[in-house]
1. Which Cα, out of 121, 95, 81, lies furthest along the positive dipole direction of the chain (beta carbon charges, K/R +1, D/E -1)?
2. With n ≥ 4 as the cut-off for DSSP H runs, can you work out [θ] at 222 nm for the chain, using -39500 (n - 2.57) per run divided by the number of residues, rounded to the nearest 500?
3. Given the options 12, 127, 154, state which has the largest fluctuation in a GNM of the chain using a 10 Å cut-off (strictly under) for Cα springs.
4. Rank 45, 128, 114 by mean-square fluctuation in a GNM of the chain with C-alpha springs under 10 angstrom and give only the top-ranked residue.
5. How far, in degrees from 0 to 90, does helix 3-27 lean away from the longest principal axis of the Cα atoms of the chain, to the nearest 10?
6. Can you tell which of 65, 92, 84 shows the greatest fluctuation in a Gaussian network model of the chain with Cα springs below 10 Å?
7. In nm, give the distance between the simple-model label positions of residue 136 and residue 65, each being 7 Å from the Cα along the Cα-to-Cβ direction.
8. Dipole magnitude of the stretch 1-48 about its Cα centre, charges +1 at Lys/Arg Cβ and -1 at Asp/Glu Cβ only, in debye to the nearest 20?
Amino acid sequence: MEPGEALGIAAQVAVALAGFAGVVVVFRREAVHEWSGVDKLRLRLLLANSILPLGLSMLGLVLITIKPAPPGMWRWCSGIFLVTTVSAVAATTKALRLNLPDAQRDRVTRFVFLLFGLFGIPAMLLQLYNVVWLDVFWPFFAGIVYQLVTAMAQFARMILLLPK
């Protein structure tokens with residue numbers, strides 16, 4: 001599969017997941033500002049893990065249209081991926097610590113957060129490896145897939161779990 005095809009499919013999946021977030025919000029009985037802190041965190045994670053891969057896919061699509069291809073294109077994409085994802089994780093972790101004591105007490109929420117954090121570490125190390133040595137497409141795309149899988153898990157949790 002060519003990078004353009006893969007990025008196009010990833011962008012479509014990201015848009016669908018972001019749209020599903022809207023569907024979840026519309027069909028809940030209460031307004032978003034009335035949701036529990038844990039539910040707001042799930043929505044924030046779903047949106048972040050949909051919007052980030054969408055933006056990164058679009059960045060890759062723009063860069064592959066440039067002829068000749070810019071040198072270090074995938075290196076730059078992985079670097080931008082690394083910076084944006086680490087920033088999003090830092091903001092989410094801070095919100096989790098400061099504002100969501102319920103999420104800290106809920107074992108399943110904590111387990112899911114830690115599980116995806118553990119899977120995220122190799123994804124981030126792979127981006128760093130791509131920046132420093134590889135400069136190829138597949139690590140960048142693997143990071144996008146990781147974020148989309150994380151968004152799908154958050155969507156499933158929002159659908160399957162009852163509001164608190």
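The values are calculated or read from the model by the stated rules, or taken from the named source; none is laboratory data. Treat the numbers as computed from the prediction; the structure is a model and nothing was measured. Ideal geometry is used to build each Cβ from the backbone, glycine not excepted, and the neighbour counts take in all protein chains shown. Side chains are part of the model used for accessible areas, which takes the heavy atoms of the whole protein and leaves out ligands, DNA and RNA. Shrake-Rupley method; radii C 1.70, N 1.55, O 1.52, S 1.80 Å.
1. 95
2. Mean residue ellipticity at 222 nm (helix-derived): -28000 deg cm²/dmol.
3. Maximum fluctuation in the GNM of the chain, among the listed residues, is at 12.
4. 114
5. Between the helix axis and the principal axis of the chain, the angle is about 10 degrees.
6. 65
7. Calculated label separation equals 2.7 nm.
8. Details: 5 positive and 5 negative charges, 55 e Å.
Roughly 260 debye for the stretch 1-48.
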